[in-house]
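Each remark here refers to the structure printed beneath this line.
The values are calculated or read from the model by the stated rules, or taken from the named source; none is laboratory data. In this text, all values refer to a predicted model and were calculated from it rather than measured experimentally. Don't worry about glycine lacking a Cβ; one is built from the backbone with ideal geometry, like all the others, and counts go over all protein chains shown. Keep in mind that these areas ignore ligands, DNA and RNA; they rest on the heavy atoms of the full protein, side chains included. Shrake-Rupley method; radii C 1.70, N 1.55, O 1.52, S 1.80 Å.
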Amino acid sequence: MKILVIGSGGREHALVWKLAQSPHVTQMWCAPGNAGIAQERLAKNSALVECIDISADDLPKLLAFAQEKKIELTVVGPDNPLALGIVDLFQKNGLRIWGPNQKAAQFESSKVFSQNFMEKYGIPTARAGTFSDANTAKKFAASLGGKCAVKADGLALGKGVLICADEIGANKAIDEILVAKSFGAAGAKIIIQEFLEGMEISMHAICDGKTTKFFPTSQDHKRALDGDKGLNTGGMGTYSPTPFLSGDELKKVGDQILNPWLRGCVEEKIDFRGILYPGVMLTKAGPRVLEFNARFGDPETQVYLTRLENDLVELLDASVNGTLDKIELKWKPAASVCVVMTSGGYPGNYEKGKPICGLDDAVKLPGVKVFHAGTAKNGNEIVTNGGRVLGVTALGKDLKAAHAAAYAAVEKIHFDGAQFRRDIAAKAF
Ligand code: AMP
């Protein structure tokens, strides 16, 4: 099978790495990919995965490439092409593609859509309101005592959520999005949610339009600094499983979210094939969905795919074909920890092009896999090329072992200005 993966981050490296292990794959391309992806080889014939210089948002070029190479399955990593309707476009042209169509991707591309859907179908979520007028929004924020999350409706490069501690902060956030329009059209509307306290976990379910299968839980670390301090980032590290829900509790929480969600999808004629990733706060009053994403989380993908035993091609095929009911998800009993190494200054300004050394030594450690996110090749060197640079991931017999192996690998890797959190998975201990 010829496969095209779209995207260039750690999530896409993990997808490529796992897909490359499948005996079904004869050729694989990644658009645009990164330096780590370009080093992966297929288990079937040792062929290298080829990175092609097409951006993940350039739908016409991606379509032309898939048609020219007769791609048999395209796998979409990031949210943007999904929101732009890449799945609809490829299907209209007779190409098989994995991911939700544009209507289904609204669960991520519109927070207003998601919030309304959750309220209509009884999915447990935060108390919230939708606004396009700043004065009405401020009154609602005041009714919550100013402690709230102000969220731009549309996609805003992961920066559209402002957490506010008081009324002054809430008013500033509302003005920033609705009046100063700092997120452009993505902020034409906002939702304001009550601030929820509790343990935040990531949940992922693979869906095929009628069947959903839950993954084990994982936990991301969104803030840049240890102890959940500093600015919000795309994710500084993950681990799986988490100790916060037993198997029975996970099933219960999953049913509370997915049963009404599926009922709503049937009612609204939403055919969701792909990953549904609800961000969930485990509050004292029970689980509450903060938001839905319509794709794999990054860096969650890196811990999930190192634990997944199933052939990923067969799993994604079943999600496209509507035959997930015939598949049983199998997970290694081991734990996985991913520590993200970033460029100095991230999530603010940072420099690129710093040579990375020690990668070969790191991967010699047992159970370690280094996924590349923002890397590029410069001659024979691998250099930094983004904010999040590497996802240093390790499998171990339990979380403690995985944690020790991941940090031992991080210690072997060096580049100028490298930053990472030292407390990934600490909440589990
Ligand atoms: P979102 O993109 O909507 O998941 O928001 C980004 C991050 O903001 C989440 O991962 C949470 O840490 C935090 N957050 C979002 N909504 C709330 C809320 N209602 N209460 C507390 N924290 C929140």
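Of the numbered conditions (1) away from the ligand (no atom under 16 Å from the Cβ); (2) assigned to a helix (DSSP H, G or I), Ile206 fails exactly one; give the number of that condition.
Only one criterion is unmet by Ile206, namely (2).
Could you name every one of the strands (runs of 3 or more DSSP E) located completely within segment 333-415 that has at least 3 residues being within 25 Å of Lys427 (Cα to Cα)?
Per the criteria, 335-342, 368-372, 388-396.
Can you name the residue in segment 187-201 that is within 9 Å of the ligand (Cβ to nearest atom) and more than 27 Å from Ala134 (Cβ to Cβ) and is also farthest from the chain's Cα centre (by Cα) among such residues?
So the residue we want is Gly198.
So which residues in segment 286-316 are more than 13 Å from the ligand (Cβ to nearest atom) and among the aliphatic types (A, V, I, L, M), if there are any at all?
Val303, Leu305, Leu308, Leu312, Val313, Leu315, Leu316
I'd like the full set of residues that are open to solvent by 20 Å² or more (accessible area, probe 1.4 Å) and in contact (Cβ under 8 Å) with a residue 24 or more places away in the chain, limited to segment 135-154.
Initially, segment 135-154 is screened for residues open to solvent by 20 Å² or more (accessible area, probe 1.4 Å), giving 135-136, 138-140, 142-145, 147, 153.
Lys138, Phe140, Ala142, Leu144, Lys147, Asp153 - these are the residues of segment 135-154 that are open to solvent by 20 Å² or more (accessible area, probe 1.4 Å) and in contact (Cβ under 8 Å) with a residue 24 or more places away in the chain.
Name the residue, out of Leu290, Leu329, Leu305, Leu316, that is aliphatic (A, V, I, L, M) and assigned to a strand (DSSP E or B).
Of Leu290, Leu329, Leu305, Leu316, the one residue that is aliphatic (A, V, I, L, M) and assigned to a strand (DSSP E or B) is Leu290.
When you check Ile201 against the structure, is it part of a strand (DSSP E or B) and within 21 Å of Lys284 (Cα to Cα), yes or no? Walk me through how you get there before you give the answer.
Numbers: part of a strand (DSSP E or B): yes; within 21 Å of Lys284 (Cα to Cα): yes.
In short, yes.
Run Asn171 past the list (1) at pLDDT 95 or above; (2) within 16 Å of the ligand (Cβ to nearest atom) and report the number of the one that doesn't hold.
With (1) at pLDDT 95 or above; (2) within 16 Å of the ligand (Cβ to nearest atom) applied to Asn171, the lone miss is (2).
Name the single residue, out of those in segment 357-389 being under 23 Å from the mean Cα position of the chain (by Cα) and of a type in the set (S, T, N, Q), that is most open to solvent (accessible area, probe 1.4 Å). Walk me through it before giving the result.
Filtering segment 357-389 down to residues under 23 Å from the mean Cα position of the chain (by Cα) leaves 367-376, 384-389.
Right, trim to of a type in the set (S, T, N, Q) and you get 375, 384-385.
Numbers: Thr375: 6, Thr384: 2, Asn385: 71 Å².
The qualifying residue most open to solvent (accessible area, probe 1.4 Å) is Asn385.
In segment 143-156, which residue that is within 11 Å of the ligand (Cβ to nearest atom) and in a loop (DSSP other than H, G, I, E, B) is modelled with the lowest pLDDT?
Within segment 143-156, the match that is modelled with the lowest pLDDT is Ala156.
I'd like to check something: does segment 291-303 contain any residue that is over 22 Å from Gln102 (Cβ atoms), more than 20 Å from the chain's Cα centre (by Cα) and polar (S, T, N, Q)?
no
Against the definition (closer than 24 Å to Gly227 by Cα, small (Gly, Ala, Ser) and surrounded by fewer than 14 Cβ atoms within 10 Å (Cβ to Cβ)), how does Gly345 come out, yes or no?
yes
In the list Leu15, Leu4, which residue meets the criterion of being more than 19 Å from Leu390 (Cα to Cα) and within 20 Å of the chain's Cα centre (by Cα)?
So the residue among Leu15, Leu4 that is more than 19 Å from Leu390 (Cα to Cα) and within 20 Å of the chain's Cα centre (by Cα) is Leu4.
Can you tell me how many residues within segment 81-123 are touching an Asp or Glu at 6+ places or on another chain (Cβ under 7 Å), buried (at least 24 other Cβ atoms within 10 Å of the Cβ) and farther than 27 Å from Asp255 by Cα?
1
Return yes when Gly279 is under 20 Å from the mean Cα position of the chain (by Cα), surrounded by fewer than 20 Cβ atoms within 10 Å (Cβ to Cβ), at pLDDT below 95 and closer than 29 Å to Ile97 by Cβ and no when it is not.
Taking the combined requirement at face value, the residue satisfies it.
Which of the numbered conditions does Asn259 fail, given that it passes all the others? Conditions: (1) under 19 Å from Ser114 (Cα atoms); (2) open to solvent by 20 Å² or more (accessible area, probe 1.4 Å); (3) more than 14 Å from the ligand (Cβ to nearest atom); (4) touching a residue at least 24 places away in the same chain (Cβ under 8 Å).
Condition not satisfied by Asn259: (4).
Given the conditions (1) in a helix (DSSP H, G or I); (2) away from the ligand (no atom under 16 Å from the Cβ); (3) within 19 Å of the chain's Cα centre (by Cα), and given that Val266 satisfies all but one, which numbered condition is not satisfied?
Against the list (1) in a helix (DSSP H, G or I); (2) away from the ligand (no atom under 16 Å from the Cβ); (3) within 19 Å of the chain's Cα centre (by Cα), Val266 comes up short only on (3).
Which of the residues belonging to segment 209-253 are open to solvent by 60 Å² or more (accessible area, probe 1.4 Å), outside any loop (DSSP other than H, G, I, E, B) and touching a residue at least 12 places away in the same chain (Cβ under 8 Å)?
Arg223, Leu225, Asp226, Leu231, Asn232, Lys251
When you scan segment 102-122, how many residues do you find that are among the hydrophobic types (A, V, I, L, M, F, W, C) and within 14 Å of the ligand (Cβ to nearest atom)?
The number of residues fulfilling the criteria is 4.
Being under 20 Å from the mean Cα position of the chain (by Cα) and not charged (D, E, K, R): is that true of Leu245 here? Outline the logic, then answer.
On the way: under 20 Å from the mean Cα position of the chain (by Cα): no; not charged (D, E, K, R): yes.
In short, no.
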